[in-house]
Amino acid sequence: MSKIALIFPGQGAQTVGMGKDLYDKYSRAREIIDLADSELKKIIFNGPEETLRLTHYTQPAIFTVSVAAFETFKESFKGGSSVEFIAAGHSLGEYSALCAAGFFEFADGLAMVKARGEFIQKAAEKNPGLMVAILGMEKSAVEDVCKKASRFGVCEAVNFNSSEQIVIAGTISAINKAVRFAIDAGATKTVFLNVSGPFHSSLMTSASEKMAEELAKYNFNAPSFGVYTNCDAAFTFDVSVIKEKLVKQIMSPVNWDESMKNIIAAGFDKFVEIGPGRVLSRLLKRMNRYKKVLNVDDSKSLQRTLEDLNI
């Protein structure tokens, strides 16, 4: 049996015009994107980029395009019962992964993601901050930098993307200090991320609390396959724990590196990134260059992926 892991990108993968090629060429993608409101669809296809970058637009936009890409892939995929799927999504992408697995329908997922984006945007406006990727430093060294910078405000390691790429988040003054400390400690590169707040840090506590209230409004379904969740890198098939994990996720680190290692250890050797960009594909290739990594974000990549999977 072939074992395929579906991985879904998070905030930062957005580009103006994403999903337009799938929308124009595949009826299933068009059906999904048309379920979004006209304002969101206009921003996805036409921007401007500054508007698309705002969290309360970015998150539903990426979710919509990712689910449209998945549904198009699913409709074209002919592997049937000979394939075992699992999924994982980076931060916001966890909602795309859960929707793909069937934990909830697209309309409910879009409503959740819109609320999540609004809660996070408000928390970011109340507690302005930055996110910076630190490259070329081990986890313990980055944590030492955060501890040192915490004298100047909040500074936390929040995205463990790979053994050599860890993202920190916190207040502006503390993060700027941390960047200088990291460079002095031997970081090969630091990159300020194109996001509007200090996501997955303790500064997001108010958003997490509001999300708990929001998620209580929805019923979740038994999924068709499991998902590896961000907050603990654990395989999750149990509907009863998903809401709790989604609440925790907002103010907890994304354990992406560990999730990928756990998926590989479970025997999955083919990965398909579904949604805009190839951020996660590049991360995985740096982690393990022997794994087959494909993607679906337009008609050409969809056809290449289907051909590579021998379908």
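Quick note: the coordinates plus some simple rules give every number you see, no bench work behind them. In this text the structure is predicted, and so the values were computed from the model without any measurement. No Cβ is skipped: glycine too gets one built from the backbone with ideal geometry, and neighbour counts run over all protein chains shown.
Step through the table entries LYS122/LYS245; LYS20/LYS291; LYS147/LYS177; LYS139/LYS270; LYS189/LYS261, compare each Cα-Cα distance with 19 Å, and write down the pairs that go over it. Where the Cα-Cα span goes over 19 Å, the pairs concerned are LYS122/LYS245; LYS20/LYS291; LYS139/LYS270; LYS189/LYS261. Computed over the chain, the per-residue total of -39500 (n - 2.57) for DSSP H runs of n ≥ 4 gives a 222 nm mean residue ellipticity of -15000 deg cm²/dmol, rounded to 500. In order along segment 35-52, the phi-based Karplus estimate (6.51 cos²θ - 1.76 cosθ + 1.60, θ = phi - 60°) of 3J(HN,Hα) comes to 6, 6, 5, 4, 5, 5, 4, 4, 5, 4, 7, 10, x, x, 4, 4, 6, 4 Hz; Gly and Pro are listed as x. Compute the separation of the alpha-carbon centres of segment 71-111 and segment 237-311 and state it in Å as a whole number. Going from one Cα centre to the other spans 11 Å.
Lys and Arg at +1, Asp and Glu at -1: add these up for the other residues within a Cβ distance under 12 Å of GLU138 and post the number.
-3
Once you treat every alpha carbon in the chain as an equal point and sum by Debye, what is log10 I(q)/I(0) at q = 0.08, 0.09, 0.13 Å⁻¹? Debye intensities relative to I(0), on a log10 scale: -0.33, -0.42, -0.90. Using a Gaussian network model of the chain with C-alpha springs under 10 Å, which one of SER208, SER82, SER299 is most mobile by mean-square fluctuation? Answer for the Gaussian network model of the chain: SER82. In order along segment 243-255, the Karplus-derived 3J(HN,Hα) couplings, from 6.51 cos²θ - 1.76 cosθ + 1.60 at θ = phi - 60°, round to 4, 4, 5, 5, 5, 5, 4, 4, 10, 10, x, 8, 8 Hz, and Gly and Pro are given as x. Remark: relative contact order (segment 129-196) = 46 percent; criterion is Cα-Cα distance under 8 angstrom and separation of 6 or more residues. The C-alpha atoms of the chain define a longest principal axis, and helix 172-184 lies at about 90 degrees to it. Between VAL83 and PHE237, the contour length at 0.36 nm per residue exceeds the alpha carbon distance by 53.7 nm. Here the chain carries DSSP beta bridges of which approximately 50% are antiparallel, counting only pairs with both residues inside. The long axis of helix 205-215 is offset from the longest Cα principal axis of the chain by roughly 20 degrees. When the chain is treated as a GNM with alpha-carbon contacts under 10 Å, the residue of VAL296, VAL65, VAL195 showing the greatest mean-square fluctuation is VAL195.
About the Cα centre of the chain, what is the dipole size in debye to 20, counting +1 per Lys and Arg Cβ and -1 per Asp and Glu Cβ, all else neutral?
Taking the Cα centre of the chain as origin, the dipole is about 660 debye.
Here's the list of aspartates and glutamates a cross-link from LYS217 could span, going by alpha-carbon distance under 17 Å and ignoring same-chain residues fewer than 8 apart: GLU105, ASP108, GLU118, GLU209, GLU244. When the chain is treated as a GNM with alpha-carbon contacts under 10 Å, the residue of ALA178, ALA29, ALA266 showing the greatest mean-square fluctuation is ALA266.
Any chance you could tell me what percent of the C-alpha pair distances in segment 129-196 go past 14 Å?
Tail fraction, whole percent: 46.
Compared with the alpha-carbon gap, the fully stretched path from ARG282 to GLU125 is longer by 53.4 nm at 0.36 nm per residue. What you get for segment 227-311, charging only the Cβ of Lys and Arg (+1) and of Asp and Glu (-1), is a dipole of about 320 debye around the Cα centre.
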